[in-house]
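Here is the structure we will look at.
Throughout, read-outs are computed from the coordinates displayed, never taken from laboratory work. Keep in mind the model is a prediction, meaning the values are calculated, not measured. Using ideal geometry, Cβ is built from the backbone for each residue, glycine included, and neighbour counts are taken over all protein chains shown.
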Amino acid sequence: MPVHRLYLLRHAKSDWADPAQADHDRPLAPRGQEAARRLGTHLSDAGIAPALVLCSTARRAVETVELVAPGGELHVESELYGASVSSLLVRLGRIGEDVTTVMVVGHNPTLQQLALTLAGPPRRSLHVSLAEKLVTGGLVTLTFTDAWAALGPGRAELTGYLQPRTLPPT
């Protein structure tokens, strides 16, 4: 069975300037735009190129994916906005086995809960850091050898948690 990689990307920092604006329609803040660009440069430099990108329809998530530009086949799906951990697992379970790298661009608390569920109990400082908070623009990397349909609690290894503030400016 091949090694699968699942990247969970929380959308970058959103703009709260208009308190009357619907949550779904909030754009990225300038700080979020910069963080997404830095993350995009990092992905390119590190050779991270998911074959499939699943993105929430929320404006801030779509803008994040546009600035990060991870490549791959992009699916912007309404069910990812407000998704639960179990519904994300069902969605991931529908991915074909010919796809080995997937990125999900979405929201907290679901992405953080999904990462912690898949990785099992905290065992390393990386786990502890993620358990404290999945920051906006944070990128979690999980690896596993099971089929997508078999992905579940404790079935993946947390191999990375990148925070945009650790990246050099573009």
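Worth a mention:
- Nitroxide proxy distance, nm - points 7 Å out along Cα→Cβ at ARG155 and ALA20: 4.7 nm
- Separation in nanometres of the label points that stand 7 Å from Cα toward Cβ, at TYR81 and GLN113: 1.9 nm
- Three semi-axes of the equivalent ellipsoid, the stretch 105-161, Cα gyration tensor, whole Å, largest first: 18, 13, 9
- Kirkwood hydrodynamic radius (C-alpha pairs) into Stokes-Einstein, the stretch 1-78, 20 °C and 1.002 mPa s, D in µm²/s: 162 µm²/s
- C-alpha long axis of helix 30-46 to longest principal axis of the chain, angle in °: 40 degrees
- Mean separation of Cα pairs under 8 Å and 6 or more residues apart, divided by the residue count, gives the stretch 1-119 a relative contact order of 35 percent.
- Per-pair calculated FRET efficiency, R0 = 30 Å: LEU126 and ALA147 via Cβ, rounded to 0.05: 0.75
- Rg of the Cα atoms in the chain, relative to 2.2 N^0.38 Å, amounts to 0.97.
- Max mean-square fluctuation residue, GNM over the chain, Cα-Cα springs under 10 Å, options PRO50, PRO70, PRO153: PRO153
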